[in-house]
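J.: Okay, handing you the structure first.
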Amino acid sequence: MLLKLGYCDRGSVEDSAAYLSRWHDWKLPKQGFRLEETGRWTGVNDLPESPVRELQERLRGAGFYPNGTVDGIYGYRTQSAVRLFQEYVLTIEGREEIGDIDGIAGDRTQQHLDRWVANGLTPVWGEPTAEYRSAMQGLQGLRQHFLGSDLKGIRLLEENSEKSSSRKVADWTFREEDIHVVGIRRNENEVFDTDRGTRRRRNDDLIVLLIHGMRWVFRGSTNPSPNIARRPDQPFLIRGQHEYRFGWHKIAGTEHSPGGSKVYRAYKPRPWNGPLIVRAVGDLLTDESFQRAESNPAINIHWSGSGTANWSAGCQVVAGAKYLDFRNELVDASHRAAAGYSQLSGSKTRGAYNVFVDLTTTFANDPRPVGDTILYTLLYERDARHTEAGALIDFDEVVARLS
């Protein structure tokens, strides 16, 4: 039996609007689940017997649904668990017959899951990797390095009295039980690259995910692109640690035209007034180019296509073409990564960005807008190379492999 988002065992959902209100921001419709590949909303589809519960039990036993509830509802978390399983079978086991990485439990996916259950297979993750340990130690060292720092950006962070989702340096935490995302801003004194006579920002920064003892690295950008922001004083997220939550990107107008909005799962600041930004005027991001910090609730963490362009007006963005997995192996997803919304289908997805989303959704204790906090720490390239603090990553090697 084919199972997908919105399918539910009969009697598992008493009030679909109440259930969906736990997952949807207040502007999102409550009448159905969001199908990201088609831009449509699907209602709750009752099924006979308990096929969804059986699927969830098997996913949990296989290690892809560790914190999920066996509730008979094929919701966003079950979709992420299925999609992560498909990604694992394709990239780690090398079995291309799994087909599209679409989060739909069709015949091929269920056959592979049967194989896993029958043979007692589990993922080859569990103990923290050397790359994870090194990154966490480097972050702890950088916290000590920045305590009492007189760097202007850090001073603006420390002196800010406005309530925001940005933490003072003394409040930065790097606990293994938390989900950490680290943005590494490269070439911070070269805000814009010149390409074919236009000024733009490429997806040439690094986005590091530290989760469940694993380190994953993605391409992306931590800076705004001038053709997206469309104002001279671009908003740059301030260096430091910021609190984020699970949420949705591009939700404006969904109450009145839900079918036409490009809504998908992303991460939003917590609390609502957002993290601190500085506004830089000119082509250089230097201490002299900004004068004060201000909060901005619109600085999300979201998708940036396959990586050919930067879709940021100040947000932190993750590209879909490739990533380094927990084994430090390069995964090239460019052939299945959509360049933009119009290419999204069963075979063309958000690629590496979906892996980013599925890992955080699967391993969080409570992946809902009211649930777990994701700690996003923005650093500069020179921070990641800091030897006294301990190098965060092997910077040159990682950049070369993801270029």
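J.: In degrees, nearest 10, range 0 to 90: what is the angle between the Cα axis of helix 130-146 and the longest Cα principal axis of the chain?
T.: Once rounded, one gets 40 degrees.
J.: Follow-up. In whole percent, and with a 1.4 Å probe on the protein chains, what portion of the accessible area of segment 281-403 is carbon and sulfur?
T.: For segment 281-403, the apolar C and S fraction of the accessible surface comes to 49 percent.
J.: Please list, in chain and number order, the residues 5+ apart from Ala321 or on another chain whose amide H is under 5 Å from its amide H, with Hs placed from the backbone.
T.: Residues meeting the amide H criterion: Ala352.
J.: How large is the direction-averaged shadow of the alpha-carbon convex hull of segment 36-105, in nm²?
T.: Computing the convex hull of the Cα atoms and averaging its projections yields 5.3 nm².
J.: Per residue, how much accessible surface does segment 269-403 expose to a 1.4 Å probe? Answer in Å², no decimals.
T.: 35
J.: Along segment 182-187, what does the Karplus equation 6.51 cos²θ - 1.76 cosθ + 1.60 (θ = phi - 60°) give for ³J(HN,Hα), rounded to whole Hz, x for Gly and Pro?
T.: Working through the residues one at a time gives 10, x, 10, 7, 8, 6 Hz.
J.: Helix 51-62 versus the longest principal axis of the chain: what angle, 0 to 90°, nearest 10, using Cα atoms?
T.: Once rounded, the angle reads 50 degrees.
J.: Could you work out how far helix 107-119 tilts from the main Cα principal axis of the chain, as a 0 to 90 degree angle to the nearest 10?
T.: The angle comes out near 90 degrees.
J.: Can you tell me which of 389-395, 171-177 comes out highest on packing, and rank the rest after it, using the mean Cβ neighbours within 10 Å?
T.: Descending mean neighbour count gives 389-395, 171-177.
J.: State which entries of Lys168/Lys322; Lys27/Lys262; Lys4/Lys30; Lys4/Lys268 exceed 24 angstrom in Cα-Cα distance in the structure shown.
T.: Listed pairs above 24 Å: Lys168/Lys322; Lys4/Lys268.
J.: Could you list, bin by bin from short to long, the percent of Cα-Cα pairs of the chain in 20 Å steps?
T.: Histogram of Cα-Cα distances, whole percents per bin: 28, 58, 14, 0.
J.: Calculate what fraction, in whole %, of the accessible area of segment 1-137 sits on carbon and sulfur atoms when a 1.4 Å probe is rolled over the protein chains.
T.: Of all accessible area on segment 1-137, carbon and sulfur atoms account for 44 percent.
J.: Show that you can apply the helix-only estimate: for the chain, add -39,500 (n - 2.57) for every DSSP H stretch of four or more residues, divide by all residues, and state [θ] at 222 nm to the nearest 500.
T.: Rounded to the nearest 500, the figure is -7500 deg cm²/dmol.
J.: Taking the highest mean first, how do the peptides 38-49, 99-110, 236-247 order by number of other beta carbon atoms within 10 angstrom per residue?
T.: The densest-packed peptide leads the list: 236-247, 99-110, 38-49.
J.: For segment 68-195, just list the percent of Cα-Cα distances falling in each 10 Å bin from zero outward, please.
T.: 9, 25, 23, 22, 17, 5
J.: Here's another thing I want to ask about it. Just from the alpha-carbon atoms, what are the Rg and Dmax of segment 299-384 in angstroms?
T.: Every Cα atom of segment 299-384 included, Rg and Dmax give 14.0, 40 Å.
The values are calculated or read from the model by the stated rules, or taken from the named source; none is laboratory data. In this text the structure is predicted, and so the values were computed from the model without any measurement. Using ideal geometry, Cβ is built from the backbone for each residue, glycine included, and neighbour counts are taken over all protein chains shown. Keep in mind that these areas ignore ligands, DNA and RNA; they rest on the heavy atoms of the full protein, side chains included. Shrake-Rupley method; radii C 1.70, N 1.55, O 1.52, S 1.80 Å.
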